[in-house]
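The values are calculated or read from the model by the stated rules, or taken from the named source; none is laboratory data. Since the model is a prediction, treat every value here as computed from it, not as a measurement. Because the Cβ atoms are built from the backbone with ideal geometry, glycine has one as well, and the counts that use them run over all protein chains shown. For the accessible areas, the whole protein counts, side chains as well, though only heavy atoms, and no ligand, DNA or RNA atoms are used. Shrake-Rupley method; radii C 1.70, N 1.55, O 1.52, S 1.80 Å.
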Amino acid sequence: MLDIVSDANGFTDPTPLTFRGADGIRLAGESWGPEDGPLAVFLHGGGQTRHSWKDTGAALAKVGLRAILLDARGHGDSDWAPDGNYSREAQAADLLGILAELGRPAILVGASMGGLTSLLATTLPGGERIAGLVLVDVVPRPERKGIDRVLNFLTGNPAGFATLEEAADAVAEYLPHRPRPRSPEGLRRNLRERDGRWYWHWDPAMMQRPENPEDLDLNADELEAAARELTVPVLLVRGRLSDVVGEESVAAFRALVPHLEYVEIAGAAHTAASDVNDQFTDAVVDFVRAHIPPAA
């Protein structure tokens, strides 16, 4: 179930973890690095799992930091919400409960959905445990065209795939900028076999589009208000090829967060963390080491 990576320093084997989120939902995670190391918590994007951060978690462990990688509700090895509640508020409540359980300040690294969850959490009781934010290709008001393309992929193929190769075809069409792996076996982390077919391993209820498109604008207003109040260090990492975060979106976010730090990754798109992992990891490690508070 977990990807185990061995290293002589003893800090790159992940330790499986289980947390209790809002309403008692069981959330899966894993820890990389020494338990007493300064803490960073990673939240993936919609349709992903904690495994998308594996290489970055190992890199933080090697420099003595502790990285907690989480599966959001409805994803990976975490429980699906029995009431179908995948609201940003529910996910923020999950996150704040985990931070309370960990009991010390942490920098949050969130991609897309995980980034918006992190931003909202800074405004809620318990948000004082958030020592900094790394937002990966996400801003409060992203490009609608890019969001539609993401949702079209996530809601496509509800009948699953006959083979892993067929699933790999869908991923290649969605990510044309990324070299296609020689083998589709890596997709097993994101798929589950049922009745002879392969299905994405997330709850379909999570991917419902808003009935009223204006709801997206209301959400953006709330997130922009949260951004204006940010005082903690913030890093925005954008894939230069992204159709979700454009240059105008970056400029608008800079106006909201004047102390924003910014890194743009050439050759990467919305999935910047896995498109050009080495450059992404270097940016995150540098930011975390510069801003994370020491362990108690």
Non-local residues with an amide H under 5 Å from the amide H of Ala131, with H modelled 1.01 Å from N and Pro and chain starts lacking one, are Ala106, Ile107, Leu108
Along each of the three principal axes of the Cα atoms of the chain, give the extent in whole Å, ordering the values from largest to smallest.
50, 49, 41
On the accessible surface of the chain, probed at 1.4 Å, how many percent belong to carbon and sulfur atoms?
51 percent
Convex hull volume per residue for the stretch 122-192, taking Cα atoms only, in Å³
170 Å³
Just for the chain, what percent of DSSP beta bridges are antiparallel, to the closest 5?
40 percent
Estimated [θ] at 222 nm from DSSP helical runs (n ≥ 4, -39500 (n - 2.57)) normalised by residues in the chain, nearest 500:
-10500 deg cm²/dmol
Can you give the accessible area of Glu222, probe radius 1.4 Å, in Å² rounded to 10?
80 Å²
Output ³J(HN,Hα) for the stretch 180-192: one whole-Hz value per residue in order, computed from phi by the Karplus curve 6.51 cos²θ - 1.76 cosθ + 1.60 with θ = phi - 60°, and x for Gly and Pro.
6, x, 5, 10, x, 4, x, 5, 4, 5, 10, 10, 10
Taking the Cα centre of the stretch 35-80 as origin, sum charge times position over the Cβ atoms of Lys and Arg (+1) and Asp and Glu (-1), and report the length of that vector in debye to the nearest 20.
140 debye
Estimated FRET transfer efficiency (His177, Val63; beta-carbon r; R0 25 Å; 0.05)
0.25
Given a 1.4 Å probe and the protein chains all in place, what does the accessible area of Val150 round to, in Å² to the nearest 10?
20 Å²
Cut-off 10 angstrom, C-alpha nodes, Gaussian network model of the chain. Which of Ala100, Ala226, Ala269 fluctuates the most?
Ala100
Using each residue's phi in the stretch 270-283, evaluate 6.51 cos²θ - 1.76 cosθ + 1.60 at θ = phi - 60° and report the 3J(HN,Hα) Karplus result to the nearest Hz, with x for Gly and Pro.
5, 8, 4, 4, 9, 5, 10, 5, 4, 5, 4, 4, 4, 5
With a point put 7 Å past each Cα toward its Cβ, work out how far Glu35 is from Asp23 in nm, to one decimal.
3.2 nm
Calculate, in nm to one decimal, what Glu89 and Arg192 gain on full extension: separation in residues at 0.36 nm each, minus their alpha carbon distance.
34.3 nm
Residue-wise HN-Hα coupling along the stretch 49-56, computed from phi with Karplus coefficients 6.51, -1.76, 1.60 (Hz; x: Gly, Pro):
9, 4, 5, 5, 9, 3, 5, 5
Could you tell me the distance between the Cα centroids of the stretch 137-204 and the stretch 113-127, to the nearest Å?
26 Å
Magnitude of the charge dipole, the chain, Cβ model with Lys/Arg +1 and Asp/Glu -1, debye to 20
400 debye
In Å², what does the accessible area per residue of the chain work out to with a 1.4 Å probe?
45 Å²
Counting other Cβ atoms within 10 Å of each Cβ, which trypsin sites (Lys or Arg not before Pro) in the stretch 157-199 have at most 12 and sit in a DSSP loop?
Arg182
Using packing as a proxy for protection, rank 47-59, 107-119, 23-35 so that the peptide with the highest average count of other Cβ atoms within 10 Å comes first.
107-119, 47-59, 23-35
